[in-house]
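Report on the following structure.
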Amino acid sequence: MHFSLNLRPQVRLWKETLRCMAVGLIFTLSGQFSHSIELVVNDELPQQVISRQELLAIYTMRQRHWPDGTPITVFMLDNSELLKQFCKKRLKIFPHQLRTRWDRLVYSGTGNAPSEVFSEDELIRKIANNRGAIGFISRIEDYDHIKTISVR
Amino acid sequence: MITSKQFLYASFLIAFGALSLQAWAYDLNKDWRIHGFLAQAAIYTDDNNYFGPSDDDISTEFFEAGLALNGSLFSDSLRFSTQLLARDAGANDDGSPSFDYTFLSYDIVNNAQWRTGLRLGRIPSQMGLYNATRDVPFTRPGILLPQSIYGETVRNSRFAHDGLQWYGTWNFDLDRIIWRLDYYRPLSDGSETDDIFLVPLPGDIDSEDSWMAQVIYEWDGGTGKIGLTYELWKNTYQLTGYDLFEFANSFQYDPAVEALDLPTKLRDQHVPEIIVSLISDELSRTDIPISERIENIDASIPNVDVTALVNSFLPTINLKGDIDIASSLLSAEYNWQQLTFTAEYMVRRIVNKKFETAFLNKTIEQEAYFVQTVYHAANRWDLIIRHDRFYYDKEDLSGQDFRKNLPSMPQHRAFAFDTTLGVSYHHNSRFMGRLEWHHVKGTIWLPINDNPEILLTKKYWNMVALQAAYRF
């Protein structure tokens, strides 16, 4: 008993240290893995906001035209971490669900998956050159012919 | 010498290689796309053969490669899709490429709420959750689909069908209802119809126009779904005395030829001795089936119609009836962040009807189901656990009656319980590796082509399979 009384402040100190380390670690990790996600479209599109429902319809490839009749083209960066964040924050469904949906469409011949691109620059270029294009990126600067669109 | 099959196969691989150097899905232009996949498996079984000689050995006779093309014609409403598939699956498939599906799809209405239209051509059969994409490793949860419902033994006639489909989707909030109605002519394969009955049947089974309907309700963006599929696959059956004669002679020895004693009967009819001996020589060959022997005789002796002659000595049998194969399949799936739970339950009624002999008009109800959980462990790893059951006759779960009625079959061919554990590793969106273990009790879904001596198969067996897959 006598022994343990002496140890108590030390235990508290250890706990405090561990808690600080854990919080620090979470901050570090989240800084590393959590991208900011911006949804971007070609700036000729009149639309400024989009509902989650509409976004889901676009990304599950069932809505193929914008309300003004422009055909939609979905471009996607080949980056599973970014896709995961996008699914979590914007679509609110799980990435494995979305991939399964695309695979079933593609391989039953009844639809297509988004067009894959291999860099953000390519993605930005494709969206800038295509009136009906939509995509998501992790950084946003001032690009020509591109605007961000918010999810309602 | 290169056969045309090898040539086709080689061109297929060259085209595949050339295309895969391009992007994931090769965009021909804005709208046309080419996709492809390639997978090779190695299979070990401690007993029985699955996809080639795997019994206590390693079989590599499971290979899948596909090239798919789709795009719009004239307008966005009219689309064309096709897939060329090369598949080796033990004795069931030999790897030669063929068109799996080829169809036109026309959207009559397509807006945010509704989509409906028609498909025409060779259409993938949308049975349950997996059938339409059953040959693509990336759309399956494991190397093998649950064999109770997606059995290999009926794959070739069940994968796709020629006909017309009315499809539709109704979206509301984050939910949707999907439906499909198909009217079609099945791609029948006589030997596969045999596999449904588990024994080779004498006579002819011809598939007739059939239909299929599917309704799926999905909620919360597809987080959960339940579905119902119903299919009525119609066949007519006819058996003549000649079919029985042919059937009896398809075995090692020729009891029916001996019983018929054609030479004596021909001599009684005063057929010249030289022709009788020609005929009896040809008849006693054992290297070709009786139907071919009779064709040869018919061809070499133009004045004698041997088929008619044989028929005149055979008992008059003309057994006719319908065989309807009606499948009802209930499907359910639910997704959590790291789990996907799937279950399907099927009852397949095999209804013999319109036979004049009353006792032939009977019905068998087969029962099949599985429950499956996929754990998405981390970005790249999936673990799967599944239990799958299939009963030949749900009124005879142990197979006792089955054994009594079909003495040429082991009792354990009346059922199969399969417990599967597996792991998938997704290296990136293109490469995937899989390993799985099946512990099986029963042999109902063992392909008979891989196990011709079915009585020698074992009731308890294990299978370990490894697969590498690539796609673009």
Q: Return yes when residue A:45 is at pLDDT below 85, aliphatic (A, V, I, L, M) and over 16 Å from the mean Cα position of the chain (by Cα) and no when it is not.
A: no
Q) Restricting the search to segment B:172-202, which residues are more than 30 Å from residue A:56 (Cα to Cα) and at pLDDT 80 or above? A) B:183, B:184, B:185, B:186, B:187
**Q.** Subset of segment A:71-87 that is facing chain B (nearest Cβ under 9 Å) and either of a type outside the set (Gly, Ala, Ser) or assigned to a loop (DSSP other than H, G, I, E, B) (or both) - its residue that is nearest to residue B:85 (Cα to Cα)
**A.** A:78
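Matching residues to (1) away from chain B (no Cβ under 12 Å); (2) touching a Cys at 6+ places or on another chain (Cβ under 7 Å); (3) outside any strand (DSSP E or B):
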| residue | (1), (2), (3) |
| --- | --- |
| A:39 | yes, no, no |
| A:54 | no, no, yes |
| A:61 | no, no, yes |
| A:101 | no, no, yes |
| A:112 | no, no, yes |
| A:121 | yes, no, yes |
(Q) I need the full set of residues from segment A:69-86 which are modelled with pLDDT under 85 and within 19 Å of residue B:114 (Cβ to Cβ), in order please. (A) A:69
Q: Scan segment A:67-117 residue by residue and report those that are hydroxyl-bearing (Ser, Thr, Tyr) and either free of Cβ contacts under 8 Å to residues at least 60 places away in the same chain or out of contact with any strand residue (DSSP E or B) (no Cβ under 7 Å at 6 or more places or on another chain) (or both).
A: A:70, A:80, A:100, A:107, A:108, A:110, A:115
Q. Just to be sure, is residue B:348 closer than 30 Å to residue B:239 by Cβ and under 25 Å from the mean Cα position of the chain (by Cα)?
A. yes
(Q) Looking at (1) surrounded by fewer than 18 Cβ atoms within 10 Å (Cβ to Cβ); (2) within 14 Å of chain A (Cβ to nearest Cβ); (3) touching a residue at least 60 places away in the same chain (Cβ under 8 Å), which one does residue B:326 not meet, given that it meets all the others? (A) (2)
Q. Among (1) free of Cβ contacts under 8 Å to residues at least 24 places away in the same chain; (2) loosely packed, with under 14 Cβ neighbours inside 10 Å; (3) not in a loop (DSSP other than H, G, I, E, B), where does residue B:398 come up short?
A. (3)
Q) Limited to segment B:35-91, what total is found for residues that are crowded, with 21+ Cβ neighbours inside 10 Å, in a strand (DSSP E or B) and among the aromatic types (Phe, Trp, Tyr)? A) 2
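Given B:153, B:169, which one is modelled with pLDDT under 90 and either under 25 Å from residue B:417 (Cβ atoms) or part of a strand (DSSP E or B) (or both)?
Numbers: B:169 fails: modelled with pLDDT under 90.
Result: B:153 is the single residue among B:153, B:169 that is modelled with pLDDT under 90 and either under 25 Å from residue B:417 (Cβ atoms) or part of a strand (DSSP E or B) (or both).
The values are calculated or read from the model by the stated rules, or taken from the named source; none is laboratory data. For clarity, every value in this text was computed on a predicted model and none was experimentally measured. Every residue, glycine as well, gets a Cβ built from its backbone with ideal geometry; the counts of neighbours run over all protein chains shown.
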